[in-house]
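S.K.: There's a structure below that I have some questions on.
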Amino acid sequence: MKILLTNDDGIQADGLIRLAKAAKRLGQVWVVAPDGERSAASHSVTLRHSLEVRKVDFPVSGVEAYACSGMPADCVRIGVLNIVPGKPDLVFSGINYGYNVATDLQYSATAGAAFEGAFQGVSSIAFSEGAADCHEVTDRYLEEIMDKLATKPLGPNEIWNVNFPACKAEECEGILWDRSVSMDVFYADRYHETKVTDTISTFMVEGIRNYQASQGTDLRAILEHYVSVGIATNIS
């Protein structure tokens, strides 16, 4: 298999390196990733100025890697259309630092990059894990899930969305498949206003974490320490 990897945390992110090591088992791997963090960029692409792409050293042997000045979706477009000979068989996006579940999925550049892969006709998977330094659950289940999803068919504009809970391996309850995207908010956002002058204010977003979710959803799965696997669809 020919596999294209990207992320939204940047070319040097630990999650991308771990994903590349696991993906090598399935075939030849290329990385085209942003040259810095692009979190919450969703599916945005660059249209009115050129993109710089440079070949870089990557700490996984046999992996050809490029840093791109654009967004994660740009990276997939360039990777599919210009970098990977012919066309990749798979696009993997991640492993993101932080969950991409529930209503947060619409902002996720990890998911946005995977959706771009789907739009380019390539089966795509987004991988995310809790924003913690404990990777035990990811390390235990990543290869199993990768192997199982690599050849499972998807419909038009669909991606696999995988989230690993940030807990110890012994605290994980296992894998829940076919999770739906929760309609519950992951973070309830509000903005803190600071008056600068009588006519100017600054606003800083403050997210309040939600710990309630409907049964059968991605958010409920990770709240209960399960790995969540499901299909997400972009109809825009």
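What follows draws every value from the coordinates through simple rules; no lab data is involved. Computed from a predicted model, the values in this text were never measured in an experiment. Every residue, glycine among them, receives a Cβ derived from its backbone with ideal geometry; neighbour counts consider all protein chains shown.
S.K.: Sequence neighbours fewer than 8 away in the same chain don't count; with that in mind, list the lysines whose C-alpha is under 30 Å from K148.
M.R.: K2, K21, K24, K87, K168
S.K.: Sticking with this structure for a sec: Evaluate the distance, in nm, between pseudo-label points positioned 7 Å from the Cα of A131 and of S69 along their respective Cα→Cβ axes.
M.R.: So the two model labels end up 2.9 nm from each other.
S.K.: Follow-up question, since we're still on this one. Quick check: residue separation of I208 and D147 times 0.36 nm, minus the Cα distance between them. What number comes out in nm?
M.R.: 18.4 nm
S.K.: In what sequence do S108, S44, S93 fall when counting other Cβ within 10 Å, fewest first?
M.R.: S44, S108, S93
S.K.: Report the Cα centroid-to-centroid distance between the stretch 169-198 and the stretch 1-60 in angstrom, as an integer.
M.R.: What the calculation gives is 24 Å, centre to centre.
S.K.: Report the extension gain between D178 and D139 in nm, rounded to one decimal, defined as 0.36 nm multiplied by the number of residues separating them, less their alpha carbon distance.
M.R.: 12.0 nm
S.K.: Go through 117-130, 74-87 and give me the packing order, highest mean Cβ count within 10 Å leading.
M.R.: Ranking the peptides 117-130, 74-87 by packing returns 117-130, 74-87.
S.K.: Can you put M146, M71 in order of Cβ neighbours within 10 angstrom, beginning with the fewest?
M.R.: M146, M71
S.K.: Now for a separate question. Taking the Cβ of each residue in R209, R54 as the centre, tally the other Cβ atoms inside 10 Å and list the residues starting with the fewest.
M.R.: R209, R54
S.K.: Then there's this: How many nm is it between the label spots at Q106 and L154, if each spot is 7 Å from the Cα in line with the beta carbon?
M.R.: About 2.0 nm, to one decimal.
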